[in-house]
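Chemist: One structure, as structure tokens, below. Some questions next.
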Amino acid sequence: MKHICVFLFLALLLGCSSSEPETDIDNQEQVSVGEFIDDWTYNVNPTSTSNFDIAAFRLWVPENTSNLKAILVLASSSNSNALGLADSEEWQEYAVANNLAIISVHLKSSSTSGYYAEASGGSGKALLTALEKITEQNNISTIADLPFLLRGYSAGGVFSYFFSAYKPERVIAFANIRGGGLSVTSDSNKLIPGMMLIGELDTPSRNETMKNMVQLNRNNYGLWSYVVEPKNDHFGSLKNSDELIKLFFKSVLAQRVSELNNELLTLSENSGWLGDNVSKNLFSYNDYPGYKNLASWLITEDFANSWKDYQLE
């Protein structure tokens, strides 16, 4: 009788111990990272801590991908779908001429999920995840390691700004068109060339925030500028802004990206030009007659002249 009881006890013990892992596995929530909308568009699923409800990204690459230098990130206004920008002939022509790929952005958040423009809250990682998934899918994985040029309008511009602080080692330059929802970050992005594009007739508080961010950066010997488009408000045409950004990015690419291995090169403050934000007069760095940290930092003389022309009525 004792032998039978011992046998039953051991059988019960072994049975329980072997079934527990199966129960745990069955109870684990299986959550996918995301899903493909098509071969070149990937949607990243939010987690409980993500600052977005929607994070979808579309990659476009030219026929010849062997000489690509960077990825141009195109983002638009609050909660808007900018995926179509990757299909823009205008941007594609610019990308081909400058050896770029394009990734466009559809980010959306609600009051409960947070603010997707703050890249460190999950949206920045979503961009990197989508890029990795799409390049794997299309057997061009090396493209996922390329550095970024970030162009954004309104909330998209704020995302560009915050991403430059989230992953400064991946960012060549950023341009923020009329995106005033900014707050101070670490100074990790102070030597990343950055440009704030302001509409003269935009909300005064938005304009002052953008100017103040540039001024804080310049006080810290950073490489930022701001530029004001006359007679344009927050919702006006982006044509002039995008044309200036194209010139800005082309100038930065030539100076920031090594021709040998796409390594990012550090620029010195005194290598650039300075623009007086009031008079719009231009000077080489060493020849600036006033307090240098009150001036906009401009990467080359040619771009400095474009910066000045943009602001003329």
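The values are calculated or read from the model by the stated rules, or taken from the named source; none is laboratory data. All of these numbers come straight from a predicted model, not from anything done at the bench. We place every Cβ from the backbone using ideal geometry, glycine too, and count neighbours over all the protein chains shown.
Chemist: Starting from region 217-230, take each residue that is on the phi > 0 side of the Ramachandran plot and list its partners that are buried (at least 18 other Cβ atoms within 10 Å of the Cβ) and among the polar types (S, T, N, Q), counting only C-beta distances under 7 angstrom and pairs at least six apart or across chains.
Modeler: none
Chemist: Shifting gears a bit: Which one is surrounded by the fewest Cβ atoms within 10 Å (Cβ to Cβ) among residues in region 241-276 that are in contact (Cβ under 8 Å) with a residue 60 or more places away in the chain and part of a loop (DSSP other than H, G, I, E, B)?
Modeler: Here the residue is 266.
Chemist: Could you please tell me which pairs satisfy a Cβ distance under 8 Å, a separation of 6+ or placement on different chains, a first residue in region 145-158 that is β-branched (Val, Ile, Thr), and a second residue that is part of a strand (DSSP E or B) and at pLDDT 95 or above?
Modeler: The qualifying pairs are 158/152; 158/176.
Yes or no, residue by residue, for (1) at pLDDT 95 or above; (2) acidic (Asp, Glu); (3) under 15 Å from the mean Cα position of the chain (by Cα):
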| position | (1), (2), (3) |
| --- | --- |
| 95 | yes, no, no |
| 101 | yes, no, yes |
| 105 | yes, no, yes |
| 113 | no, no, no |
| 120 | yes, no, yes |
| 125 | yes, no, yes |
| 129 | yes, no, yes |
| 134 | yes, no, no |
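Chemist: Report, by residue number, each residue of region 87-134 that is in a helix (DSSP H, G or I), within 18 Å of residue 155 (Cα to Cα) and in contact (Cβ under 8 Å) with a residue 40 or more places away in the chain. Step through it out loud before you land on a result.
Modeler: Quick first cut of region 87-134, residues in a helix (DSSP H, G or I) only: 87, 89-97, 119-121, 123-134.
Pick out the ones that are also within 18 Å of residue 155 (Cα to Cα) and you get 119-121, 123-127.
Scanning region 87-134 gives 119, 120, 121, 123, 124, 126, 127.
Chemist: Here are 157, 152, 179: which of them is in a strand (DSSP E or B), out of contact with any Pro (no Cβ under 8 Å at 6 or more places or on another chain) and at pLDDT 95 or above? Walk me through it before giving the result.
Modeler: Values: 157 fails: in a strand (DSSP E or B); 179 fails: in a strand (DSSP E or B).
Result: 152 is the single residue among 157, 152, 179 that is in a strand (DSSP E or B), out of contact with any Pro (no Cβ under 8 Å at 6 or more places or on another chain) and at pLDDT 95 or above.
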